[in-house]
Amino acid sequence: MSKFSILRQSLVTLALGAFACAAGATAPTPDTTGHMQGFTAAGAVQQRQLEKRFDALLSADEMRDWLKRLTAGPNQVGAPHNKANAQFILKKFKQWGWDAHIEKFDVLYPTPKRLLVELVAPTHYKAKLHEPPVKGDRTSALKGVLPPYNAYSADGDVTAGLVYVNYGMPDDYKQLARLGVSVKGKIVIARYGHGWRGLKPRLAYQHGAVGCIIYSDPRDDGYFRGDPYPKGGWKPAQGVQRGSVADQEEYYQGDPTTPGYGSVPGAEHLAVEDAKPIQNIPVLPISYADATPLLKALGGPVAPENWRGALPFTYHVGPGPAKVHLVVKSNWDYVTIYDVIAKLHGTSDADQWVMRGNHHDAWVFGAYDPLAGTVAMMGEAKAMGTLYKQGWRPRRTIVYASWDGEEPGLLGSTEWAETHADEIKRKAVLYVNSDTNARGFLRVGGSHSVQHMVNQVGDGVTDPETGVSVIDRLRARAMVRAAQHPGSDWWSKRAKQAAGDGDITINTLGSGSDFTPFLDHLGIASLSLGFRGENAGAGIYHSRYDSFDHYIRFGDPGLVYGVALAKMAGHVVMRTANAKVLPMRFSDVGRIMQRYVTDLRNKIKSERKAYQRQQKLFAANAYKLVADPRHPLAPPATLPDVPKIDLTPLDQAAQRLLHSAQAYQKAYDARVAQGLAIPESQLHKVNTLIGTMHQRLLTADGLPTRPWYKNQLVAPGIYTGYGVKVFPAVRQALGAGKWDAAAHNVAMVAHTLDAYSKQLDALTALLAR
């Protein structure tokens with residue numbers, strides 16, 4: 001028995017032994033037929049042979065050479081080197097046989113003109129706001145690098161007292177209120193983490209602050225985690241995380257001045273002051289070296305224990321005696337961005353597109369984010385182009401995109417998607433995204449209709465450092481984590497999935513990369529793929545030190561995970577492009593929908609119980625009695641009294657969807673038994689219905705208060721940033737305490753799920769003929 005087989009058998013035995021006795025625990029039924037989703041038996045053999053030829057054409061050495069070239073200069077939007085990279089990628093696509101071109105968009109892209117952070121009381125300190133060169137890193141001394149800043153900050157020149165707000169998330173402001181500390185009229189200083197950076201200034205403004213400083217605490221990504229760069233991979237004292245703070249999750253993605261339509265040359269743009277995603281107060285990121293004098297100067301209450309970072313002094317909240325002068329002035333210019341779009345034209349189903357994308361712009365050099373993903377995509381493109389020249393032709397057209405302007409706000413992908421929206425909705429059946437990539441575990445999220453295919457692909461891709469499949473490595477991690485955290489529902493569910501060799505459930509996507517306009521705005525089934533978890537990429541994220549020299553020491557030294565990513569994404573793309581029937585399995589959608597409704601019901605019950613527990617504590621005067629009289633701490637704000645929300649319409653719709661999905665699966669399995677014998681007159685209709693299924697989750701009006709987001713199943717949360725909210729309209733109303741709106745949105749989402757079920761029923765009827 002091979003090492004691969006022994007490990008798999010051991011994992012299954014361990015999982016079954018650990019979880020078979022759990023109450024209600026049922027392992028997913030494995031696919032024991034060996035059937036490749038969407039293919040006949042003979043077609044599956046041919047596809048696997050094709051994938052072996054594809055794999056043999058991938059070269060880690062080539063990827064390393066491309067990465068070195070692409071990271072040889074600053075790659076921020078508008079930088080000459082970033083444009084040169086787009087032209088280089090275009091040249092390569094054409095050389096490899098793709099039909100390729102560049103599409104240009106003119107977008108608002110602010111760059112810093114004057115930046116200042118200065119402690120003016122009780123002592124004086126002027127922040128350096130500069131990342132010095134690092135010995136041994138060849139590019140860290142290059143010129144042309146923009147200083148650390150937050151794009152789409154408001155301009156401002158303010159002097160005010162300073163308040164430390166921990167991560168600057170909603171719960172942190174609740175804790176400040178208990179401490180009797182207000183940020184009104186103050187400048188807040190928040191540490192990066194526990195929420196998207198754009199939420200920090202938005203929440204600060206909503207609580208009355210006049211400015212926002214964001215710093216990286218060494219507990220989160222510096223010396224507390226490991227040796228700083230260059231000895232180790234973690235953030236050095238002067239390292240700074242750049243990033244956009246455009247408030248896009250609350251409004252819309254892309255160019256803030258062209259909401260919902262493409263920023264093509266000549267397009268009409270909103271005035272800057274009318275662009276809603278731009279922040280209302282000045283925001284600036286700083287290093288922990290620059291943050292230290294500011295934080296040390298704070299008085300006021302000692303910070304709660306879980307607010308304390310790893311700097312070597314006592315953390316205080318303020319306000320006073322620290323007073324800070326903050327200046328942010330930007331050049332509000334329009335610049336041209338360059339998307340590279342390439343196609344391999346299909347044959348019988350050429351009017352259906354399988355899309356694949358990764359961006360090429362960066363905040364500085366961008367080895368980890370995003371060019372490690374870009375070179376993997378280039379490896380895929382070269383291999384597919386070679387196969388194409390050798391005579392292979394996909395059934396469907398393959399579209400590869402190297403996006404520009406992702407870092408400031410998904411500019412390149414969003415503007416392209418908005419410009420070509422009608423054609424994309426007619427033709428695109430799947431969008432596959434990658435971004436960062438490094439050593440570690442497979443990270444995959446996306447639409448659950450392609451979950452089974454991803455598991456099948458992952459079972460055939462070997463983890464380069466352990467020698468087992470990337471899916472088996474995920475199974476092992478799930479069981480170890482479940483054993484380490486026996487009370488974790490998240491890990492116990494994944495460990496149960498490992499039992500019986502079942503599929504690993506992929507994550508649900510919200511936002512954060514270029515899949516967003518396709519998934520959330522256009523309703524295209526989407527995937528996001530990458531490896532990470534065993535590198536120090538978080539330490540140099542969005543900094544000058546995200547360089548080639550850092551990456552080949554601490555990211556993916558041999559680019560072997562670049563090859564693994566190329567195999568994962570390439571196989572998914574080619575299987576989808578070649579399949580006779582599009583390889584979506586809707587029974588997985590039906591099952592996950594049951595879990596989504598259960599999770600929503602449990603959340604409502606949990607919040608109701610939390611209110612009841614708190615009321616008992618209020619009645620017993622417990623909060624006052626446990627507070628230290630010498631360090632007053634007010635009782636917490638009263639939790640909302642959540643009424644019973646009738647989820648019956650959603651329950652029934654989810655149940656109907658499950659029945660429809662099961663009926664489709666039965667009809668599909670019958671066709672598999674017949675060798676997928678579907679008359680050509682029906683096959684195109686079948687694939688059209690499958691390819692547009694995800695669009696049934698859209699509504700024309702979009703989500704309440706943010707109509708750009710049209711997907712009623714998933715969206716980024718207003719207060720979670722990139723993090724996903726399932727049934728976002730319902731969750732949004734619950735979070736705002738709008739109980740009638742929540743009930744209305746339950747009915748609306750149920751109606752949307754019924755539209756999905758009806759198209760599934762139509763698809764089943766076609767297959768059953």
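The values are calculated or read from the model by the stated rules, or taken from the named source; none is laboratory data. All of these numbers come straight from a predicted model, not from anything done at the bench. So basically every Cβ, Gly included, is an ideal-geometry build from the backbone, and we count neighbours across all protein chains shown. With ligands, DNA and RNA removed, areas are computed over all heavy atoms of the protein, side chains included. Shrake-Rupley method; radii C 1.70, N 1.55, O 1.52, S 1.80 Å.
Tabulated results
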{"read-out": "G346 long-range amide H proximity, modeled H, under 5 Å", "value": "T397, I398"}
{"read-out": "Taking N as its residue count, the alpha carbon Rg of region 159-212 over 2.2 N^0.38 Å", "value": "0.98"}
{"read-out": "Helix 80-95 vs. the chain, principal-axis angle (Cα, 0 to 90°, nearest 10)", "value": "10 degrees"}
{"read-out": "Karplus 3J(HN,Hα) series, Hz, for region 350-366 with 6.51 cos²θ - 1.76 cosθ + 1.60 (x for Gly, Pro)", "value": "4, 7, 10, 10, 10, 9, 9, x, 7, 8, 10, 7, 8, 6, 9, 8, x"}
{"read-out": "Computed over region 43-90, Cα set: Rg, Dmax in Å", "value": "16.3, 47"}
{"read-out": "Nonlocal amide H pairs with K276, under 5 Å, H built at 1.01 Å", "value": "none"}
{"read-out": "Carbon/sulfur fraction of accessible area - the chain, other protein chains in place, 1.4 Å, %", "value": "54 percent"}
{"read-out": "Calculated Rg and Dmax of region 341-382 using C-alpha coordinates, Å", "value": "13.4, 43"}
{"read-out": "Formal net charge of residues neighbouring D217 (Cβ-Cβ distance under 15 Å; K, R +1; D, E -1)", "value": "+3"}
{"read-out": "Sequence ranges 438-450, 137-149, ranked by mean other-Cβ count within 10 angstrom, highest first", "value": "438-450, 137-149"}
{"read-out": "Burial order of peptide ranges 107-114, 667-674 (average beta-carbon count within 10 Å, highest first)", "value": "107-114, 667-674"}
{"read-out": "Taking region 166-280 and dividing mean pair separation by its residue count, relative contact order in percent (alpha carbons under 8 Å, at least six apart)", "value": "20 percent"}
{"read-out": "Three principal axis lengths of the chain [C-alpha, angstrom, descending]", "value": "80, 63, 58"}
{"read-out": "Degrees separating the helix 680-691 axis from the principal Cα axis of the chain, which is the longest one", "value": "10 degrees"}
{"read-out": "Cα pair count fraction exceeding 27 Å, expressed as % - region 597-743", "value": "48 percent"}
{"read-out": "Stokes-Einstein D (µm²/s) once Rh is taken as the Kirkwood radius of region 464-563 over alpha-carbon pairs, at 20 °C in 1.002 mPa s", "value": "132 µm²/s"}
{"read-out": "For region 86-211: relative contact order, % (alpha-carbon pairs under 8 angstrom, 6 or more apart)", "value": "17 percent"}
{"read-out": "Spread of Cα-to-Cα distances over 5 Å intervals beginning at zero, given as percent, for region 273-343", "value": "3, 10, 16, 16, 13, 10, 10, 8, 6, 5, 2, 1, 0"}
{"read-out": "Amide hydrogen neighbours beyond the local backbone of G243, cut-off 5 Å, H modeled", "value": "Y149, A151"}
{"read-out": "Percentage, to the nearest whole number, of Cα pairs in region 284-440 over 20 Å apart", "value": "66 percent"}
{"read-out": "Local electrostatic count, L529, Cβ distance below 12 Å [Lys/Arg +1, Asp/Glu -1]", "value": "+2"}
{"read-out": "10 Å-binned pair-distance histogram of region 375-421 (Cα, whole percent)", "value": "22, 38, 29, 10, 0"}
{"read-out": "DSSP beta bridges in the chain [antiparallel fraction, %, rounded to 5]", "value": "60 percent"}
{"read-out": "Relative counts (whole %) of C-alpha pair distances in region 198-279, using bins that are 5 Å wide", "value": "3, 13, 16, 14, 13, 12, 12, 9, 6, 2, 0"}
{"read-out": "Calculated from backbone phi, Karplus (6.51, -1.76, 1.60) coupling profile of region 547-556 in Hz, x at Gly/Pro", "value": "10, 4, 5, 5, 5, 6, 9, 10, x, 8"}
{"read-out": "Fraction of alpha-carbon pairs over 12 Å apart in region 524-582 - percent", "value": "73 percent"}
{"read-out": "Cα-centre dipole for the chain with unit charges at Cβ (Lys and Arg positive, Asp and Glu negative), debye to 20", "value": "1440 debye"}
{"read-out": "Taking the chain and dividing mean pair separation by its residue count, relative contact order in percent (alpha carbons under 8 Å, at least six apart)", "value": "18 percent"}
{"read-out": "Fully extended contour minus Cα-Cα distance, from L683 to F224, at 0.36 nm per residue", "value": "159.5 nm"}
{"read-out": "Calculated [θ] (222 nm, deg cm²/dmol) that DSSP helices of n ≥ 4 give over the chain, each run adding -39,500 (n - 2.57)", "value": "-12500 deg cm²/dmol"}
{"read-out": "Top positive-direction residue, dipole computed over the chain with Cβ charges, set G458, W708, S434", "value": "G458"}
{"read-out": "Integer Hz, Karplus 6.51/-1.76/1.60 couplings in order for region 138-152, x for Gly and Pro", "value": "5, 8, 5, 9, 5, 8, x, 8, 5, x, x, 7, 10, 5, 6"}
{"read-out": "Dimensionless Rg/Rh of region 49-177 - Kirkwood Rh, Rg from C-alpha atoms", "value": "1.12"}
{"read-out": "Along principal axes, Cα extents of region 135-294, largest first, whole Å", "value": "50, 48, 26"}
{"read-out": "Farthest positive-ward along the chain dipole, Cα basis, beta-carbon charges - from Q655, S153, I213", "value": "Q655"}
{"read-out": "Convex hull volume of region 643-698 per residue (C-alpha atoms, cubic angstrom)", "value": "85 Å³"}
{"read-out": "Acute angle (nearest 10 degrees) that the helix 60-70 long axis makes with the longest principal axis of the chain, alpha-carbon atoms", "value": "40 degrees"}
